[in-house]
Amino acid sequence: MEIEWLFSLIPLTVGTVFLCFGVYGLRRARTLRRVGVTAAARIVRFDVRRDDEGSTLHHPVAAWTAQDGSRCEYSSRFGRGVVGNGFGAGAHVVVRYDPRAPHRFLIEGWDTKAVDLLFTVLGAMLTVGTVTAVLIRLLIV
């Protein structure tokens, strides 16, 4: 194989990472739908994070009382640039969490599976497209 073929590793690696991230998120959401417990929660604050490009993302921190009586307070894995109506600090929301691991939760109406689905589709397209191109090139030569 020539050195040019090493460049095909770039979209293959990116596609595999995207695919893994998306499938992980979709499986996590499915597990929460299947075994998750709902609870009334409140947004107590926002964890504000900046990414490398300077964008500011607001991750809501939800607080609730679990079934066993323990107090839970965790930051959402999804952040947004703008906080919508109904999700400001002090807002009452519904969370769905895993009773065995309360840090695995989602805020209904905030966390969507669209991002995970997008990563899954893009990752599958990049991975399958790259593997197909490599196989065609190998069969032709």
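The values are calculated or read from the model by the stated rules, or taken from the named source; none is laboratory data. The structure presented is a predicted model; accordingly, all values stated were derived computationally and were not measured. So basically every Cβ, Gly included, is an ideal-geometry build from the backbone, and we count neighbours across all protein chains shown. Protein only, heavy atoms only, side chains kept; ligands, DNA and RNA dropped before computing areas. Shrake-Rupley method; radii C 1.70, N 1.55, O 1.52, S 1.80 Å.
Quick check, is Arg77 under 14 Å from the mean Cα position of the chain (by Cα) and part of a loop (DSSP other than H, G, I, E, B)? Considered against the rule, which asks whether it is under 14 Å from the mean Cα position of the chain (by Cα) and part of a loop (DSSP other than H, G, I, E, B), Arg77 comes out as yes. Looking at segment 48-59, can you tell me whether even one residue there is touching a residue at least 40 places away in the same chain (Cβ under 8 Å), within 18 Å of Phe87 (Cβ to Cβ) and basic (Lys, Arg)? No - not one qualifying residue is present in segment 48-59. Number of residues in segment 77-96 that are at pLDDT 90 or above and more than 14 Å from Arg42 (Cβ to Cβ) equals 1.
Taken as a whole, the condition of being out of contact with any His (no Cβ under 7 Å at 6 or more places or on another chain), among the hydrophobic types (A, V, I, L, M, F, W, C), in a loop (DSSP other than H, G, I, E, B) and more than 25 Å from Leu26 (Cα to Cα) does not apply to Ala133.
Mind checking whether some residue in segment 95-116 is over 15 Å from Thr38 (Cβ atoms), open to solvent by 50 Å² or more (accessible area, probe 1.4 Å) and assigned to a helix (DSSP H, G or I)? Yes: one or more hits.
Let's see how each residue does on (1) within 17 Å of Phe78 (Cα to Cα); (2) open to solvent by 60 Å² or more (accessible area, probe 1.4 Å); (3) modelled with pLDDT under 90; (4) over 15 Å from the mean Cα position of the chain (by Cα):
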{"site": "Met1", "(1), (2), (3), (4)": "no, yes, yes, yes"}
{"site": "Phe7", "(1), (2), (3), (4)": "no, yes, yes, yes"}
{"site": "Gly15", "(1), (2), (3), (4)": "no, no, no, yes"}
{"site": "Phe18", "(1), (2), (3), (4)": "yes, yes, no, no"}
{"site": "Arg27", "(1), (2), (3), (4)": "yes, yes, no, no"}
{"site": "Val37", "(1), (2), (3), (4)": "no, no, no, yes"}
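Looking at segment 108-130 only, could you name the residues that are hydrophobic (A, V, I, L, M, F, W, C) and in contact with a Gly (Cβ under 9 Å, 6 or more places away or on another chain)? Those that are hydrophobic (A, V, I, L, M, F, W, C) and in contact with a Gly (Cβ under 9 Å, 6 or more places away or on another chain): Trp110, Val115, Leu117, Leu118, Phe119, Val121, Leu122, Ala124, Met125, Leu126, Val128.
So which residues in segment 39-55 are modelled with pLDDT of 90 or more and not small (Gly, Ala, Ser)?
Arg42, Ile43, Val44, Arg45, Phe46
Within segment 39-67, can you find the residues that are touching a Phe, Trp or Tyr at 6+ places or on another chain (Cβ under 8 Å) and either of a type in the set (S, T, N, Q) or in a loop (DSSP other than H, G, I, E, B) (or both)? The one that is touching a Phe, Trp or Tyr at 6+ places or on another chain (Cβ under 8 Å) and either of a type in the set (S, T, N, Q) or in a loop (DSSP other than H, G, I, E, B) (or both): Ala66.
Residue check: is Arg33 open to solvent by 90 Å² or more (accessible area, probe 1.4 Å), among the basic types (Lys, Arg) and either part of a strand (DSSP E or B) or on the phi > 0 side of the Ramachandran plot (or both)? Even if it seems obvious, please write down each step before you answer.
On the way: open to solvent by 90 Å² or more (accessible area, probe 1.4 Å): yes; among the basic types (Lys, Arg): yes; either part of a strand (DSSP E or B) or on the phi > 0 side of the Ramachandran plot (or both): no.
It is false that Arg33 is open to solvent by 90 Å² or more (accessible area, probe 1.4 Å), among the basic types (Lys, Arg) and either part of a strand (DSSP E or B) or on the phi > 0 side of the Ramachandran plot (or both).
Which residue is least open to solvent (accessible area, probe 1.4 Å), if the candidates are limited to segment 52-89 and must be of a type in the set (Phe, Trp, Tyr) and under 19 Å from Asp116 (Cβ atoms)?
Initially, segment 52-89 is screened for residues of a type in the set (Phe, Trp, Tyr), giving 64, 74, 78, 87.
Keeping just the survivors that are under 19 Å from Asp116 (Cβ atoms) gives 74, 78.
On the way: Tyr74: 81, Phe78: 33 Å².
If we take residues in segment 52-89 being of a type in the set (Phe, Trp, Tyr) and under 19 Å from Asp116 (Cβ atoms), then Phe78 is least open to solvent (accessible area, probe 1.4 Å).
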